[in-house]
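The values are calculated or read from the model by the stated rules, or taken from the named source; none is laboratory data. Everything numeric in this text was worked out from a predicted model, so none of it was measured. Ideal geometry is used to build each Cβ from the backbone, glycine not excepted, and the neighbour counts take in all protein chains shown. Surface areas here come from the heavy atoms of the whole protein model, side chains and all, with no ligands, DNA or RNA. Shrake-Rupley method; radii C 1.70, N 1.55, O 1.52, S 1.80 Å.
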Amino acid sequence: MTKALEIDVLIAGGGPFGLMLANELGRRHIKCLLVDPKASTAFNPQANATQARTMEHFRRLGFAQEIRAQGLPPHHPTDITYLTRFSGIELARLRLPTAAAAPQAVKAMTGSWSAAELPHRISQKFVEVTLRQHSEKWASNDIRYGWKLESFIDESLSASNAGSVAASHPIQASIQQVNSAEPASLKVRARYLIGADGARSFVRHELGIAWGGATGFKRNFMGGKMLAVYLKAPHFYERNPNDRAWMYVIVNPELRAFIMSVDGVSEFAFHVQMADDAATEALTAEDAKRLFALAYGQPIDIEILSMATWLAGHALVADNFQKGNIFLGGDAVHLFTPTGGLGYNTAVEDAVNLGWKLSAVLKGQAQPALLNSYEIERKPLAIRNTGYARQFADSIGLFDADKALEDISPEGEQARSIASDYLNGHARREFNIPGVTFGGRYMQSPLIVADGTQAPADASNTYIPSACPGGRPPHAWLPDGSSLFDHFNFEWTLLVLGKDNGQLAQDALKFSEAASQCHLDFKVLRFDSQKLIDLYEANLVLIRPDQIVAWRGTDASQASQILKQASGA
């Protein structure tokens, strides 16, 4: 064992949460070490939908276009369709813009879908590669796949903590190389440890943090054991009489399944509901091929790349997101049934929230107590989002497929008509969700300076843009075609709206002086726009680094107090 490596932040886990956090910290030049026992980023497709808010955060970091260029080919449909079999009778369809059309389509959208970015259909395996590449660009980041967190203690939790090293770097950890004939070990001293190590989190387990919420939901679909198969089906499209889609959901009395296109050519992620949990674990590749042919509706050749089982029916949130100088995020603190595609997207926002706060504390811009707001803000959002995912799973999973659904008969026609009405409604309920995407709020946060106004009601399928403190800033496209969000500072922004009569300039100066006293990276952004005044309902709006409205008002008389509260100074 060599001398301990001293760093600011040790991240255990290289999935979306860990990699996104490494990007947030790298951009802020925080010394960070990320370890993950896998040889590299994910091989399997895993999550397959990047929500619009996540795309806005990728845009904030500068690589949304790279993400949108991957996954499906640019003109491949991103529709969701419901059928009796993959090549059977179509029952319902939600048509959505292609990747090529999305950048222009979003500029014409208003109201609920006024956004800098639209969602993008891309498998997590591609996203992780991009996140890794960008995290490795920062000199302050050390990204090590093929290494695992072996052990750790947090000396800040000990009453006997003493000594300068322990006080400044209380995390004492050991990391070890894996899959090596002579695995190397390394001691690490860190100021903070982040458990980004997934559903079976070693960090959470060692801390003794339990799950809250509910699990074990049994449904016809999206409840109980599921078989996941990553496969190649080179003839999937040519033998399918239906219009192409991104996601195909099978509804029939014989089996329930869904499939998503991974590359728009031949690679797919196939998931089928299994009735017998024990028998599912014994399934062979030949069983998987038989089930796929059954779901497709005719014999078809496939190549299996990988297969595994997983358990649907979770709506779990950890009791705590923090203990001492150790924080948890992503699947380590919230487990979803993947309806709505909310798990990975919630994980990304965990990282965005935690990243600026860790940086502020490490740079001495904020008190360590600022970090307590991470759990205060993110845990209610995790409970909210797992609840929405459960609703979507109930909507599709509790729907019964009529026995006559595939019959060529009057009874079959009637069954398909009833199914079509229901499934078209369900598709909008699960996939047209601007309220879930944009409507999350930190209303109980001590960092939010309330203004006495009431935020719009939280609803999954509608979103009313509002600058009520605690939520996402309302979006607008500017006359030059740029997004308002593109003009925000990476850290703190004061939005100054209206014709400058001298008072607004004085207000901006007061905030700038207060920000300087708090050592904040601060930008004043001015617009003489009645449209933006109407949208924000204020002349002065304070925007946090994670693009959340921290305060809004009409004068700067309390500028110093506002900034200190919002930033944790």
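Descriptive notes on the structure:
- Recomputing volume of the Cα convex hull per residue in Å³ from the coordinates shown identifies the correct label among (i) 155; (ii) 222; (iii) 421 as (i).
- Accessible-area order (highest first, 1.4 angstrom probe) of the listed residues 356, 310: 310, 356
- Cross-link partners of residue 499 among aspartates and glutamates (Cα-Cα below 14 Å; sequence separation of 8 or more within a chain): 507, 528, 534
- Against the chain, whose longest principal axis is taken from its Cα atoms, helix 372-397 shows a tilt of about 20°.
- Share, in percent, of DSSP beta bridges within the range 481-565 that are antiparallel, nearest 5: 55 percent
- Relative to the longest principal axis of the Cα atoms of the chain, the long axis of helix 124-135 makes an angle of roughly 20 degrees.
- Length-normalised contact order for the chain - Cα pairs under 8 Å, 6+ apart - percent: 16 percent
- From helices alone, the chain scores -9000 deg cm²/dmol at 222 nm; the rule is -39500 (n - 2.57) for each run of n ≥ 4 DSSP H residues, then divide by the residue total.
- Fraction of antiparallel bridges per DSSP, the chain only, in percent to nearest 5: 70 percent
- Accessible area per residue for the range 1-159 is 37 Å², calculated with a 1.4 Å probe on protein heavy atoms, without ligands, DNA or RNA.
- Gain in span if fully extended, residue 409 to residue 211, counting 0.36 nm per residue against the direct Cα distance: 66.3 nm
- Just the protein heavy atoms count here, and of the accessible area of the chain at 1.4 Å, carbon and sulfur take up 51 percent.
- Top positive-direction residue, dipole computed over the range 124-229 with Cβ charges, set 211, 176, 152: 211
- The angle between the Cα long axis of helix 343-362 and the main principal axis of the chain comes to about 10°, on a 0 to 90 degree scale.
- Rolling a 1.4 Å probe across all protein chains gives residue 394 an accessible area of roughly 50 Å².
- Among 479, 398, 257 - extreme Cα towards positive end, dipole of the chain, charges at beta-carbon: 479
- Local electrostatic count, residue 247, Cβ distance below 10 Å [Lys/Arg +1, Asp/Glu -1]: 0
- Residue 281 - accessible surface, heavy atoms, 1.4 Å probe, Å² rounded to 10: 100 Å²
- The range 62-135 and the range 509-569 have Cα centres spaced 34 Å apart.
- Ligands, DNA and RNA aside, residue 388 has an accessible area near 20 Å² when probed at 1.4 Å.
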